[in-house]
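The values are calculated or read from the model by the stated rules, or taken from the named source; none is laboratory data. Nothing here was measured: the structure is a model prediction, and the numbers come from that model. Cβ atoms come from the backbone with ideal geometry, glycine included; neighbour counts cover every protein chain shown.
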Amino acid sequence: MMRWIVTAAGFALLAAAAHQEAALKDLMPKGMVIGVALNQRQFEGGDAAAGDIITRHFNQISPENVLKPQPTHPAADRYTFDAADRYVQFGVDRRMQVIGHTLVWHSQTGAWVFQGTDGKPADRETLLARMRDHIHTVVGRYKGKIHGWDVVNEAIEEDGSLRKSPWQVGIGDDYIARAFEFAREADPGAELYYNDFNLEMPAKRAGVIKLVRDLQARKVRIDGIGNQAHWRLETPTLEEIDTSLVELHATGLKVMYTELDVNLLPNTPRGADPAVANPYANGLPDDVQRQLARRYADVFRVFLKHRDAVTRVTFWGLSDADSWLNRGRMNYPLLWDRQRQPKPAFAAVVDALRNAR
Ligand code: XIL
């Protein structure tokens, strides 16, 4: 009897160890890489525990912030590449697929970019010249090292129209095509992507597909659509994810999940009762932990069902301690916990990957 108990306990331990053993990248189907967005401490060696997990489990990296316009190009005559160089080197050293994020965006872009003389907004020619200079300099610097670029980020509104970003207002609708052309000139070997969120919403997705079709009709090079995938437990539904994937892929482009995480906290207004806004301040209840695991298994099963369309899945951060979704609260959106231990969601993803093999 005693023997049985020991054996069962031993088996449970072995099973847990087996999950820890499994490297995500070795379980991915052929043609689909698995990645994570890195913060500066992680690629600069200041967080060895994270560095080990990243090296072991992932074959692709994205830069959480260091390759955005503001950090690389803080002033018209000044580029700063120290951090970005180390990010790229981290991936090159480990033979990972290194992604660039992002070149043209309305956010995290120096205010100087959009300013003209006498406090007026910059005119079309000035903006195009700045965009060209930025793209040529940044993409050119990492030519042959960065596999693919999010050339334009978040250019479509929820209703499917073009966002009235300072780029669009200053240059006109063709700013997107121009950005892709500049990127192709700067590194003809790099893949070029359009990246956005909420692509499970039909109106927004239709706007993105229209944009892609328009670029294709004009013979502008574009290789993939990045679906950010900042999701929640219940939304979008699996059906919506599936439908969206199929429609995006029907453009002929690669589909990527570029910023995957699962937000467990409610959308509450500023100043809301902390009991409502921050319900898991003292830990995540077991049942929610299980729901998160099931959610991750479910979405991975959708990706795996469409393995011919999906070329990449990237988590937006490594562990719950690293996630941008905390913002003063306690969130639990990723596969590793704050102590860098794999969560049940990690085991669930491993199982989903194994079962699909
Ligand atoms: C976020 C980073 O995670 C934060 O650290 C930063 O403060 C703001 O930007 N969509 C994107 C990413 O394309 O670049 C954003 O990253 C998250 C939303």
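Of note:
- Looking only at region 40-60, and only at residues there that are closer than 24 Å to Phe300 by Cβ and touching a residue at least 40 places away in the same chain (Cβ under 8 Å), the one that is nearest to the ligand (Cβ to nearest atom): Gln42
- When Thr72 is tested against the conditions (1) hydroxyl-bearing (Ser, Thr, Tyr); (2) within 15 Å of the ligand (Cβ to nearest atom); (3) free of Cβ contacts under 8 Å to residues at least 60 places away in the same chain, the lone failure is (3).
- Residue within region 248-259 that is without any contact (Cβ under 8 Å) to a residue 40 or more places away in the chain, closer than 15 Å to Phe303 by Cα and within 17 Å of the chain's Cα centre (by Cα) present: no
- So Tyr296, is it of a type in the set (Phe, Trp, Tyr), more than 16 Å from the ligand (Cβ to nearest atom) and free of Cβ contacts under 8 Å to residues at least 60 places away in the same chain: yes
- Candidate set from region 94-110 (those that are away from the ligand (no atom under 11 Å from the Cβ), buried (at least 18 other Cβ atoms within 10 Å of the Cβ) and not small (Gly, Ala, Ser)); member that is farthest from Arg163 (Cα to Cα): Met96
- In this structure, Ala76 does satisfy being in contact with a helix residue (DSSP H, G or I) (Cβ under 7 Å, 6 or more places away or on another chain) and either closer than 15 Å to Thr109 by Cα or polar (S, T, N, Q) (or both).
- Taking (1) under 18 Å from the mean Cα position of the chain (by Cα); (2) free of Cβ contacts under 8 Å to residues at least 24 places away in the same chain in turn, Gly100 satisfies each apart from (2).
- The residue list Pro279, Pro274, Pro285 contains one member that is more than 23 Å from Asp26 (Cβ to Cβ) and modelled with pLDDT under 95, which is Pro274.
- Here Gln216 meets each of (1) polar (S, T, N, Q); (2) under 25 Å from Trp316 (Cα atoms); (3) without any contact (Cβ under 8 Å) to a residue 60 or more places away in the chain with one exception, condition (2).
- Taking the conditions (1) part of a loop (DSSP other than H, G, I, E, B); (2) charged (D, E, K, R); (3) more than 22 Å from the chain's Cα centre (by Cα) in turn, Arg221 satisfies each one other than (3).
- Among the residues making up region 199-227, those that are within 16 Å of the ligand (Cβ to nearest atom), under 18 Å from Leu162 (Cα atoms) and buried (at least 20 other Cβ atoms within 10 Å of the Cβ) are Leu199, Glu200, Lys204, Val208, Ile225, Gly226, Asn227.
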